[in-house]
There are 2 protein chains.
Amino acid sequence: MACSTDVDANLAKAGEMIREAARRGAQIICVQELFRSQYFCQTEAIETFNLAEPVPGPTTESFARLARELGVVLIGSIFERRMAGVYHNTAFVVDADGTMLGLYRKMHIPDDPRFYEKYYFTPGDLGFRCFDTRYGRIAALVCWDQWYPEGARLAALQGAQILFYPTAIGFHESDAGEAQHQHNAWETIQRSHAIANGVYVASVNRVGHEGPAGDGLQFWGGSFVADPQGRMLAKAGDGEEILVVECDTARIEQVRRNWPFLRDRRIDAYGGITARVID
Amino acid sequence: MACSTDVDANLAKAGEMIREAARRGAQIICVQELFRSQYFCQTEAIETFNLAEPVPGPTTESFARLARELGVVLIGSIFERRMAGVYHNTAFVVDADGTMLGLYRKMHIPDDPRFYEKYYFTPGDLGFRCFDTRYGRIAALVCWDQWYPEGARLAALQGAQILFYPTAIGFHESDAGEAQHQHNAWETIQRSHAIANGVYVASVNRVGHEGPAGDGLQFWGGSFVADPQGRMLAKAGDGEEILVVECDTARIEQVRRNWPFLRDRRIDAYGGITARVID
């Protein structure tokens, strides 16, 4: 979805889209990253921290009510105020009875021109996590995590069946010529997580233009669900859209029996993964 | 290239193709996996171990002579006899002056119907390795390693600029309906290694049909080189082909500055990668 500067309107809009997804049969519903506001990390401004909210807080409580009412699992995303001076980019998972199952605090924090996330977000300290929901065992990861095979692997090793990536990715207007290549790479790396791990991947991205005309971000949408073989099951365009996609968890085992990558991992030889660089 | 059952003819043919690649300006030349023979792992047969050769041995010595004569770096692949009862699927790198730089013994060993590699090959014990050659710092990985982000990452953390994957991948004829999906996944995961790590990836595959008609393997070729953004620079068809592709190592730094994934790795949180499963 596209977001306005009105945080209450964005919550209401997300609620309507969640209701519509549930009407269409969705059981696990994920919204985009930081859907309560426009993507505020385009600038570093101290007053922006006023957007942060605690857990429990208005968004988690609203989602808990909605999940219970609709009988659906919800994955939300907030700018979390944990304490004065400690703020996170946080995903949360609410089970279909309204129970808060837990948080995932974004582990990999980017910092690029117009994506000044290191200013706002303390890196997550909860690690990579899975949540048992009524409709499956899922992991929530967030945006920049998409580029890291380690995060996907660690979620899969915990038994995740679907990796959800709430996201806010787009291109800076000065970089429009590169946009298609960036979008392709973004899809490719996430499909590769599905392949390497034999899991479904669901990526949920923002759409629309935000920021100053000619110098803002164009979010490319393109939300998608890939199957455990990396095949695209459904893919949104660059406008607002609700994708409802059936994910057959039996296919996970079928794919992994045919492609038994997890059998042959050389865990005796992977220690160097925890090095910054192997000099 | 396609291989016959004549191991000397295969060596001679590879030599001719290497000469042709060098004539076209290639500086680092990689042949396919186990190019001295047909892909013998389609069956488990004890006499097949007679194909194994030591290091130094006929193939490494032939390649060393050729490398020195042509002034090119060569990446070869052999069925290595290390000692009685210990055999490996081994890549080797010869520098442009004919110096043997070292071995890479395939770390991930598959075993699927008609790919009975666990019968023949002891898993490698040299880890993931890089080699400084006259024309760049490269890593050699082999076939099934393609499916493991860990191997690519460990090579990249050692400074590899190009990952070479000598390969013998195809589809069993009974599985032809799945072939395109498998081929897509194979490309996708390797392109993802380029993206995740900001390296070039060069994958060199066998072509042709081997084994009993109607019950053999059809190797799909499709050798390719992807740039550090995962873009396909060149891609072969399903017949014999020599791809000569310019890889600008300056582009590695350019891509990594734009996509600074290596900056933000959460090495404090990756310890679980060495677990089989995180229960």
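Do the conditions hold for A:Ile29, that is, is it in a strand (DSSP E or B) and open to solvent by 10 Å² or more (accessible area, probe 1.4 Å)? Judged against the criteria, A:Ile29 is a match.
Filter region B:155-207 for residues that are charged (D, E, K, R) and under 24 Å from B:Leu34 (Cα atoms); which is nearest to the chain's Cα centre (by Cα)? Step by step, filter region B:155-207, then rank; the result is B:Arg206. On inspection, A:Leu103 qualifies as modelled with pLDDT of 95 or more and in contact with a Ser or Thr (Cβ under 6 Å, 6 or more places away or on another chain). The conditions of being open to solvent by less than 30 Å² (accessible area, probe 1.4 Å) and over 20 Å from B:Arg137 (Cα atoms) are met by B:Phe35. Looking across A:Val244, A:Val255, one residue alone is more than 19 Å from A:Leu157 (Cα to Cα), β-branched (Val, Ile, Thr) and either outside any loop (DSSP other than H, G, I, E, B) or open to solvent by 20 Å² or more (accessible area, probe 1.4 Å) (or both). It is A:Val244.
Please determine whether any residue of region B:180-200 is in a strand (DSSP E or B), in contact with a helix residue (DSSP H, G or I) (Cβ under 7 Å, 6 or more places away or on another chain) and modelled with pLDDT of 95 or more. Checked region B:180-200: at least one residue is in a strand (DSSP E or B), in contact with a helix residue (DSSP H, G or I) (Cβ under 7 Å, 6 or more places away or on another chain) and modelled with pLDDT of 95 or more. In region A:134-161, which residue that is touching a Gly at 6+ places or on another chain (Cβ under 9 Å) and open to solvent by 20 Å² or more (accessible area, probe 1.4 Å) is farthest from the other protein chains (Cβ to nearest Cβ)? So the residue we want is A:Arg134.
Look through region A:220-241, keep the residues that are within 8 Å of chain B (Cβ to nearest Cβ) and not polar (S, T, N, Q), and return whichever of them is surrounded by the most Cβ atoms within 10 Å (Cβ to Cβ).
Step by step, filter region A:220-241, then rank; the result is A:Gly230.
The values are calculated or read from the model by the stated rules, or taken from the named source; none is laboratory data. In this text the structure is predicted, and so the values were computed from the model without any measurement. Cβ coordinates were reconstructed from backbone atoms using ideal geometry, including for glycine residues, and neighbour counts include every protein chain displayed. What goes into the accessible areas is simple: the full protein's heavy atoms, side chains included, and nothing from ligands, DNA or RNA. Shrake-Rupley method; radii C 1.70, N 1.55, O 1.52, S 1.80 Å.
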